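Asks: Okay, here's the structure, questions in a sec.
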Amino acid sequence: MIKAKLGICIDCHDNGIEKPLTAKRCFHHYWIHRAEVNAKKNAWKEPKRKEIKSFLDAAKQKKPIERRSKRRKIQELQYNADVKIFLAKPENKFCPVTGKETNQVHHKKGRIESLLLDQRFWLAVSDDGHREIELNPDWAKEKGYSLSRLATVEN
């Protein structure tokens, strides 16, 4: 084993007491000195670390799930155009429920998937008529204003 060098630490003020030395310093002062040297040596790294960390944190942030898929957005654009044409037809001017002027479309089978654009299941209605259909589903099915999605459709 290597014998430790004994001497007086350049940082201690202990009246010249000899201690084991490393780089002319006692154990305590050697590690204080190394921390200062490393701090100076790595000072330029800290801003870079912060910059990289903020970049990685931003990359890790999860994007919210879109409310509508791209396909559905395209369908809805087509739907908006088709509704205007559908409501402008003479046979769709008046609500079959209330007799008032129509301003919206009721989907007899719902709006899921391709049913959104399937005009076979559209019904031109007024606000009040639509509300009546939605609040009384059994009555609406009895009158033919609503249909079951589970029933098969024949062209």
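Asks: Among Gly144, Trp44, Leu77, which residue has its Cα furthest toward the positive end of the charge dipole of the chain, with +1 on Lys/Arg Cβ and -1 on Asp/Glu Cβ?
Replies: Of the listed residues, the answer is Trp44.
Asks: For each cysteine in the chain, check whether another cysteine's C-beta sits under 4.7 Å from its C-beta; list those where none does.
Replies: Cys95
Asks: Helix hunt in the chain: which complete DSSP H runs extend at least 24 Å axially by C-alpha with mean Kyte-Doolittle at least -1.0?
Replies: Those that pass (Cα extent of 24 Å or more, hydropathy at least -1.0) are 70-88.
Asks: Cut-off under 19 Å on the C-alpha distance; same-chain residues fewer than 8 positions from Lys141 excluded. Which aspartates and glutamates are left, in chain and number order?
Replies: Those aspartates and glutamates meeting the cut-off are Asp118, Asp127, Asp128, Glu132, Glu154.
Asks: Looking only at Val83, Val97, Val37, which one moves most when the chain is put into a Gaussian network model with springs between Cα atoms under 10 Å?
Replies: Among Val83, Val97, Val37, the largest mean-square fluctuation in the Gaussian network model of the chain belongs to Val37.
Asks: OK, next. What does the charge count near Ser69 come to, summing +1 for each Lys or Arg and -1 for each Asp or Glu among other residues with Cβ under 12 Å from its Cβ? Present the calculation step by step, with values, prior to reporting the outcome.
Replies: Details: positive: Arg67, Arg68, Lys70, Arg71, Arg72, Lys73; negative: Glu66, Glu76, Glu113.
That sum, taken over residues with Cβ under 12 Å, equals +3.
Asks: When the helix-only estimate is applied to the chain (DSSP H runs of n ≥ 4, each -39,500 (n - 2.57), divided by the residue count), what is the mean residue ellipticity at 222 nm, nearest 500 deg cm²/dmol? Let's see the in-between values first.
Replies: Numbers: 5 runs with 66 residues, N = 155.
Using -39500 (n - 2.57) per qualifying helix, the result is -13500 deg cm²/dmol.
Asks: While we're here: In debye, nearest 20: dipole of the chain around its Cα centre with unit charges on the Cβ of K, R (+) and D, E (-)? Before the final figure, lay out each step's value.
Replies: Details: 34 positive and 21 negative charges, 262 e Å.
Using only the charged Cβ atoms, the result is roughly 1260 debye.
Asks: Please give every one of the lysines within straight-line cross-link reach of Lys89, meaning a C-alpha to C-alpha distance under 17 Å, and leave out same-chain neighbours fewer than 8 residues apart.
Replies: Lys100
Here, each number is a calculation from the coordinates, and none is a lab measurement. Since the model is a prediction, treat every value here as computed from it, not as a measurement. As a convention, Cβ positions derive from the backbone with ideal geometry for all residues, glycine included, and neighbour counts pool all protein chains shown.
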